[in-house]
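**Q** Let me begin by handing over the structure; questions about it come next.
The values are calculated or read from the model by the stated rules, or taken from the named source; none is laboratory data. Since this is a predicted model, take the numbers as computed values, not measurements. Heads up, the Cβs are rebuilt from the backbone with ideal geometry, glycines too, and the neighbour counts pull from every protein chain shown.
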Amino acid sequence: MKFEELNIHAKVAEGIRAAGFTECTPVQAQTLPVALSGKDVAAQAQTGTGKTAAFLIAIMSRMLNAPPPKPGPSPRVLIIAPTRELVIQIAAEAKLLGGPSGFRIVPVFGGIDYLKQREEIAKNVDILIGTPGRLIDYLKQKVYSLRKTKFLVIDEADRLFDMGFIRDLRFLLRRMSPYNERQSMLFSATLSHRVYELCYEHMNMPEQFSVTPEKVTVEQIEQELYHVGKSEKFGLLLGILRREPAGRYLIFCNTRAEVLRLESYLNANGLTTSAITGEIPQNKRIKVLTRFKDGKLPILVATDVASRGLHIDGVTHVINYDLPQDCEDYVHRIGRTARAGADGRAISLACEAYVHSLSDVEEFIKQKIPVMPLTADMIVTSYRKRSPYAKNKGIRPQEKGQKFRKVEVRKDTKGQKSRIGSGGKTQRSKRKTYPERQKSRTAKPKPQ
């Protein structure tokens, strides 16, 4: 189905063309006709299949077809997402699709200037996108109201449950306009009984859609599994990266400590790498993700904070350095590649620490992950664990642009310290005695 066949407002259609979209994805083809008619929607679809564009196109078209509301504290649209990265992603796509329409779109999330976001919300807002915590903060301060909000979108509902946001979500929903006076849409990669319960409680008889539920993972993803000892995991990873240096890699670990260690090791071996975890400041995370999206950063190591909602074109490989302990996280991790119909590879390294998760993952995705043969020549045994430019004892850099030189520090026979540089010159430094220090402190300045 093409977008031209749907009853989409002309300005939104202009935004669709600017985004380069021509034909609907399966989830868009199923949900858009219903959503454009004003009915509630609850949809399950694989990650990377165009869920975000589906609800944005429907909402923006209906907003333009409706008479403009009177200015007030209520945003016309509220979009709730579980993570900061997903909020940024939705806002970017909303500004692209809604550019010709002139909607005022405001994303709010933690880690960014609190007062600046507060001032942005206090102005007239058309589309408000945010994480539950920051949305509730501003709502309790009465910066905005939800009593006249006409459109609600809950994205990645299962993730909101997993992250413990269900109470916050219910807090927001109970302060909105009645369910029969607004249009509500819920999108998620997986739909559980808890999510369905939320639909029945706060939505108006939603139309339910399930796009290709029999196959949880995207067909274009080539999945591989290596059984490897924990001590050999990094050597195997290094071998994979060196054999295919032209790829763009997203590597997942289960802990922050492992992410930082992996980032250090890869940089030490000449592979430009950055890391994102939940503890890294938001400004830095945005800069790192921007570099990765622009193709300036070939390798990104992350915890599961990056496994949801990030639409990054051109990711050729997703590597599970640690098998996820939650089987649903496996789907979301490998969904970062093979997006929008492209091909991609998902490589998992199963060591003794996390191999127990393998059976649950395979049961969840309803298929066996192909086990690849592992040979000795695939594992790199000689590698650095620390950068040669690290601040080691006795190594000091010269001026910027010059090479590092070794400075030897030693004591001579009189107990004085000497620094002998590469030029052969010796600089002595004699420690002052206590009377000498006292004398220098009390000495009067000489008259001019």
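**Q** Is there a residue being at pLDDT below 95, of a type in the set (Asp, Glu) and over 21 Å from residue 282 (Cα atoms) anywhere in the stretch 98-116?
**A** no
The rows are residues; the columns are (1) at positive phi; (2) touching an Asp or Glu at 6+ places or on another chain (Cβ under 7 Å); (3) of a type in the set (D, E, K, R).
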residue: 4; (1), (2), (3): no, no, yes
residue: 11; (1), (2), (3): no, no, yes
residue: 16; (1), (2), (3): no, no, no
residue: 39; (1), (2), (3): no, yes, yes
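**Q** Out of everything in the stretch 240-260 that is under 14 Å from residue 270 (Cβ atoms) and not basic (Lys, Arg), what residue ends up being modelled with the lowest pLDDT?
**A** Keep residues of the stretch 240-260 that are under 14 Å from residue 270 (Cβ atoms), which gives 241-242, 245.
From what's left, not basic (Lys, Arg): 241, 245.
On the way: 241: 93, 245: 87.
Checking each candidate, the answer is 245.
**Q** I've got another one for you. Can you name every residue in the stretch 53-88 that is modelled with pLDDT of 90 or more and among the polar types (S, T, N, Q)?
**A** Within the stretch 53-88, 61, 65, 74 meet the criteria.
**Q** Condition test on residue 81, is it in contact with a Ser or Thr (Cβ under 9 Å, 6 or more places away or on another chain) and within 24 Å of residue 336 (Cα to Cα)?
**A** Yes.
**Q** Moving to a separate point now. Within the bounds of the stretch 340-354, is there any residue that is closer than 17 Å to residue 304 by Cβ, touching a strand residue (DSSP E or B) at 6+ places or on another chain (Cβ under 6 Å) and of a type in the set (Lys, Arg)?
**A** No, because not a single residue in the stretch 340-354 is closer than 17 Å to residue 304 by Cβ, touching a strand residue (DSSP E or B) at 6+ places or on another chain (Cβ under 6 Å) and of a type in the set (Lys, Arg).
**Q** So which helices (runs of 4 or more DSSP H) are wholly in the stretch 190-307 and hold at least 3 residues that are within 20 Å of residue 162 (Cα to Cα) and out of contact with any Lys or Arg (no Cβ under 8 Å at 6 or more places or on another chain)?
**A** Numbers: elements: 193-202, 233-243, 256-268, 282-293.
Per the criteria, 193-202.
**Q** Of everything in the stretch 127-143, what is part of a loop (DSSP other than H, G, I, E, B) and surrounded by 21 or more Cβ atoms within 10 Å (Cβ to Cβ)? Give them in sequence order.
**A** Filtering the stretch 127-143 down to residues part of a loop (DSSP other than H, G, I, E, B) leaves 131, 141-143.
Hit for the stretch 127-143 is 131, nothing else.
**Q** So, in the stretch 163-186, how many residues would count as being of a type in the set (D, E, K, R) and part of a strand (DSSP E or B)? Let's see the steps before the verdict.
**A** Keep residues of the stretch 163-186 that are of a type in the set (D, E, K, R), which gives 167-168, 170, 174-175, 181-182.
From what's left, part of a strand (DSSP E or B): none.
Matching residues across the stretch 163-186 total 0.
**Q** Now for a different question. Check 323, 238, 250 and return the single one that is more than 19 Å from residue 83 (Cα to Cα), touching a strand residue (DSSP E or B) at 6+ places or on another chain (Cβ under 6 Å) and crowded, with 18+ Cβ neighbours inside 10 Å.
**A** Working: 238 fails: touching a strand residue (DSSP E or B) at 6+ places or on another chain (Cβ under 6 Å); 250 fails: more than 19 Å from residue 83 (Cα to Cα).
Of the residues listed, the single one that is more than 19 Å from residue 83 (Cα to Cα), touching a strand residue (DSSP E or B) at 6+ places or on another chain (Cβ under 6 Å) and crowded, with 18+ Cβ neighbours inside 10 Å is 323.
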